[in-house]
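Each reported figure results from applying straightforward, stated rules to the coordinates on display, with no laboratory input. This one's a predicted model, so the numbers in the text were calculated from it and none came from an experiment. Cβ placement follows ideal geometry from the backbone for every residue including glycine, while neighbour counts extend to all protein chains displayed.
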Amino acid sequence: MDNVFPNPFKPGAGHMPPYLAGREDEERQFRKLLSQSEILENLILTGLRGVGKTVLLETFKPMAIQEGWLWVGTDFSEAISVSEQNLALRLITDLAVVTSVFTLNAGTRPQAGFGVPDSPIVQQVNYAFLANMYEQQPGLITDKLKAVLEFVWTLVQQTDRKGIVFAYDEAQNLSDNAGKEQYPLSVLLDVFQSLQRKKIPFMLALSGLPTLFPKLVDARTFAERMFRVVNLGQLSGPDSALAITKPIEASNCPISFSDVSVEVITELSGGYPYFIQFICREVYDVWIQQIGAGQEESPIPVAEIIRKLDTDFFAGRWANATDRQRELMWVISELENCDSEFSVQEIVLKSSVMISKPFTSSHANQILSALANAGLIYRNRHGKYMFAVPLMADFVRRQADIGTSGMSLLTTG
């Protein structure tokens, strides 16, 4: 029976869900940005892991194309931050995908034979062409990139396309490196600000963790005025219910979720789209097998699903933390505001009544910095921190309750 109606739920990094719920306002904001004749605002799509940033950015692509824009982009890997040259090659590589349809008349080629007219030489505007143009330009990398992008606009404006959206996921990976005198993030901002001031409609659409926007502003203060920041959070109760029920609203689906089941899944997932997909997939697999064996559907196996979620989603991140880092996260997990913002002072105060070796302010700051580098914590604003992984506090408390696997949460001294 599971072959007749396969499991429709798709947890995974960037996998398109069968039904995108609760993102209508974000779509409206993006359409408004696409309506700009002169680019005054670019897009930043930000939020914790699991809120659906990658999926939403991907849904923006057909919207942009439908509105008359070209679309280029990919993920920003850590390798892009190695050098300004790497950033330039990334942009040229992505741009060549859409420019390769353009051709230029590069002159004429003489033909053999008396009275035979010369044939035109047609040059395709592909990666080799753009890379060569880039290398031939004088000046700094910023100057070279501007020259190439301005040339591309002379081609695009001859078409019915409004402009180009440069869309990059995982943009928090892009950083300046003053120690090596490499500033790829600053180059990106400088180039696009310059083009947009010349009324060239090339728009940035960047997606990443909440550290992205502060990083942009630190690199160039004018970045604060360049971007519209769209924060993605949990889905509301009604939107969570739609994400759960819509994928199985088909005549031949043997599974249905009762109102009670929807409430359980919504609460268990915290309204995070990834967790909704993960939990629904597990429930579907269990129930479809029971139906195939002639059994009635059982209650949702909450404990078993939580255990699997811990193993598949949280355990890898937890394994890389030291005992002292785990201990600090345990202290955080016991704060009333552990799922929102917390401060170093709150951690220090809480640790003084929880553990035998409390944290000092300087030590807590050091560990928070290390956890931020590991992607477990991020600084939301000055003096305020948050877990970078949704429902992380719940996971940490479960590990403290277990008290096994070599953890020292409850045995410090």
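Treating each Cα of the chain as one equal point scatterer and applying the Debye formula with no solvent, the log10 of I(q)/I(0) at q = 0.12, 0.13 Å⁻¹ comes out as -1.06, -1.16.
Based on the mean of other beta carbon atoms within 10 Å per residue, what is the order of 75-86, 166-177, most packed first?
Values: 75-86: 17.1, 166-177: 21.3.
Those peptides, ordered most packed to least, come out 166-177, 75-86.
Within the listed set Gln136, Gln196, Gln157, the Gaussian network model of the chain (springs between alpha-carbon atoms below 10 Å) gives the highest mean-square fluctuation for Gln136. Mean separation of Cα pairs under 8 Å and 6 or more residues apart, divided by the residue count, gives segment 182-319 a relative contact order of 16 percent.
Using only Cα coordinates, the Kirkwood hydrodynamic radius of segment 140-238 works out to 15.0 Å.
Taking only DSSP H segments of four or more residues, each worth -39500 (n - 2.57), what value at 222 nm results for the chain once the sum is divided by all its residues, to the nearest 500 deg cm²/dmol?
Details: 17 runs with 192 residues, N = 413.
Calculated from helices alone, the mean residue ellipticity at 222 nm is -14000 deg cm²/dmol.
Measuring from centroid to centroid over Cα atoms, what is the spacing of segment 332-346 and segment 135-181 in Å? Measuring centre to centre over Cα atoms gives 41 Å. Put simply, when 264-270, 229-235 are sorted by average Cβ atoms within 10 angstrom per residue, most first, you get 264-270, 229-235. When the Gaussian network model of the chain links Cα atoms closer than 10 Å, the mean-square fluctuations of Ile121, Ile39, Ile367 top out at Ile121.
For segment 318-402, what relative contact order do you get, as a whole percent, if you take Cα pairs closer than 8 Å and at least 6 residues apart? List each step's numbers first, then the result.
Values: 93 pairs, mean separation 29.0, N = 85.
Relative CO of segment 318-402 lands at 34 percent.
Using only the C-alpha atoms of segment 318-402, find the volume of their convex hull and express it per residue in Å³. Intermediate values should be presented prior to the final figure.
Numbers: hull volume 7.5 nm³, N = 85.
That works out to 88 Å³ per residue.
Within the straight-line cut-off of under 17 Å between alpha carbons, the lysines reachable from Lys384 are Lys215, Lys350, sequence neighbours fewer than 8 places apart in one chain being disregarded. Note on Ala372 and Ala13: the extension gain reaches 127.2 nm, defined as 0.36 nm multiplied by sequence separation minus the Cα-Cα distance. Principal axis extents of the Cα atoms in segment 1-108, from largest to smallest and rounded to whole angstrom, are 65, 34, 32. A straight line joining the Cα centroids of segment 217-261 and segment 273-288 runs 16 Å. Cross-link partners of Lys144 among lysines, defined as those whose alpha carbon lies under 23 angstrom from its own and excluding same-chain residues fewer than eight positions apart: Lys180, Lys198, Lys199. Between Asn380, Asn337, Asn42, the Gaussian network model of the chain with springs among Cα atoms under 10 angstrom shows the greatest mean-square fluctuation at Asn337.
Beta bridges from DSSP with both residues in the chain: antiparallel share about 35 percent, rounded to the nearest 5.
When you have a sec, figure out the Kirkwood radius of segment 201-311 from all distinct Cα pair distances and drop it here in Å to one decimal? If you can, show how the numbers build up before the last one.
Values: mean 1/r = 0.0594 Å⁻¹.
Radius from the Kirkwood sum: 16.8 Å.
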